[in-house]
Amino acid sequence: MTDTLYIGLMSGTSLDGVDALLVDFGAASPVIRDSYHQPYPAELRSALLELSHASHPELHGLAQLDVVLGELYAATVLALLTRTGTDAEAIAAIGSHGQTVRHHPHGPHPYTLQLGDPNVIAERTGITTVADFRRRDIAAGGQGAPLVPAFHAAMFRHPQRTRVILNLGGIANITVLPQDIRQAVTGFDTGPANVLLDGWTARHCGTAYDAGGHWAGGGTLLPPLLERLLADAYFTQAPPKSTGRERFNLEWLETQLDGTEDPQDVQATLLELTARSVSQAIAAHAEAAEEILVCGGGAGNDLLLQRLAFHLAPRVVHSTAVYGVEPQAVEAMAFAWLARQTLHGTPGNLPAVTGARHPVVLGGIYRGRLSADR
């Protein structure tokens, strides 16, 4: 077994599928060997959407989906190994984020819940699997999210300029990387990114997402609606903070509509909501930033990037691909990195980001069955 090859698994709030990334940490900088994207079957995606609804009480369905997702994740790993001609025994570990179906880091009993049984993954693949990354941070008093900033710092921090890494997934989050190594890395969820854009597009266009922002581009901004949406208390809440589909969903949007709006105009307004809330967060918490590196599915939304560039000028806004990591690969790569941190007994959270009382080693290790040392 080598300690250089790791696999990162990621399935985000957008519920589009599973991203698997084969990463080689043997060189000075990590190298992506290959990747594999497994879309969710329509029935599974529908069930996850239903389960993600805050009022869903069905624990039996939750437990079954946990196993079904574990089987799908394992199949995704095996497909990646076949595609790359890589022997399972060469993989040190799989880092599996799991599918978040509920995130509630507040109140007397904070919790976060990700499905995708790591026992199934380890058993089907024979590879040691690291999973359940978020709950240890919550146990230490943190939000359990975002966790990727530690990886952002390892990969993208620059000694001569302050950078912001902007992840446009279902939820948008930022990581602030000060050029001064003595300053702490910070970050938080800024609010909705694709979760509302995708949901509204699916309802009115029958497609999974608004490719390139073209549908939004044909609409007209509705300033009164935008102001009502931006009035949500989350946007001015001080970090550390994290959020999800439980708060920002179509039901939340509908409470702000009067029923006379044209759907395409609403889409244009939702796109501007993401651009405005992100830029306001950066202005408030990363004023010194000179460069914004964008990753996540929203990096493919050309109109959204144009609006961000407008609001964030004169800062430079470009993709993480400029520095060798494709936008869609960043999060899966991060969980390969976090799995490696865990196996080495090294903390993976940043208390300045999550609000945890101290750094902790994240996740549980589910040993594989391929060799005695697993």
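Readers should treat all values here as calculations from the given coordinates under stated rules, not as data from a laboratory. Note that the coordinates shown come from a computational prediction; the quantities given were computed from them, not determined experimentally. Reconstructed Cβ throughout: ideal geometry from the backbone, glycine too, with neighbour counts over all protein chains shown.
Could you list L304, L65, L257 so that the one with the fewest beta carbons within 10 Å of its beta carbon is first and the one with the most is last?
Working: L304 26, L65 22, L257 14.
Ranking L304, L65, L257 by Cβ neighbours within 10 Å, fewest first, gives L257, L65, L304.
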Subject >> Restricting the range 314-363 to chymotrypsin sites (Phe, Trp or Tyr not before Pro) in coil, as DSSP defines it, with at most 16 other Cβ within 10 Å >> reply: none
Subject >> For the chain, the longest site-free run once GluC sites (Glu not before Pro) in DSSP loop states with at most 14 other Cβ atoms within 10 Å are removed >> reply: 59-286
Original post:
Which of P240, A74, T112 sits closest to the plus end of the dipole of the chain, meaning its Cα is farthest towards the positive end, when Lys and Arg get +1 and Asp and Glu get -1 on the C-beta?
Top reply: P240
Original post:
Add -39500 (n - 2.57) for each DSSP H run of 4 or more in the chain, then divide by its residues: what number comes out at 222 nm, to the nearest 500 deg cm²/dmol?
Top reply: -11500 deg cm²/dmol
Original post:
Taking only the alpha carbons of the range 248-291, what extent do you get along each of the three principal axes, in Å, biggest first?
Top reply: 41, 18, 13
**OP:** Give the order of Y366, Y40, Y111 when sorted by the count of other beta carbons within 10 angstrom, beginning with the fewest.
**Re:** Y111, Y40, Y366
**OP:** Would you look at the GNM of the chain, springs on alpha carbons closer than 10 Å, and say which of N173, N194, N249 moves the most?
**Re:** N249
Subject >> Separation of alpha-carbon centers, the range 8-56 and the range 195-216, rounded to whole Å >> reply: 20 Å
Original post:
At q = 0.08, 0.09 Å⁻¹, what is the log10 ratio I(q)/I(0) for the chain, with the Debye formula run over Cα points and no solvent?
Top reply: -0.38, -0.48
Subject >> Volume per residue that the Cα convex hull of the range 292-357 spans, once the total is divided by residue count, Å³ >> reply: 113 Å³
Original post:
Can you list, largest first and rounded to whole Å, the semi-axes you get for the range 233-374 by taking the square root of 5 times each eigenvalue of its Cα gyration tensor?
Top reply: 34, 20, 18
**OP:** Calculate the dipole size of the range 149-327 relative to its Cα centre from +1 charges on Lys and Arg beta carbons and -1 charges on Asp and Glu beta carbons; express the result in debye to the nearest 20.
**Re:** 680 debye
**OP:** State the antiparallel share, in %, of DSSP beta bridges confined to the range 37-152, rounding to the nearest 5.
**Re:** 60 percent
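I'd like the Kirkwood hydrodynamic radius of the range 149-327, using the inverse of the mean 1/r over distinct C-alpha pairs, in Å. The partial results should precede the final answer.
Working: mean 1/r = 0.0607 Å⁻¹.
Kirkwood radius, the range 149-327: 16.5 Å.
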Subject >> Fluctuation leader among T255, T354, T162 - the chain, Gaussian network, Cα springs under 10 angstrom >> reply: T255
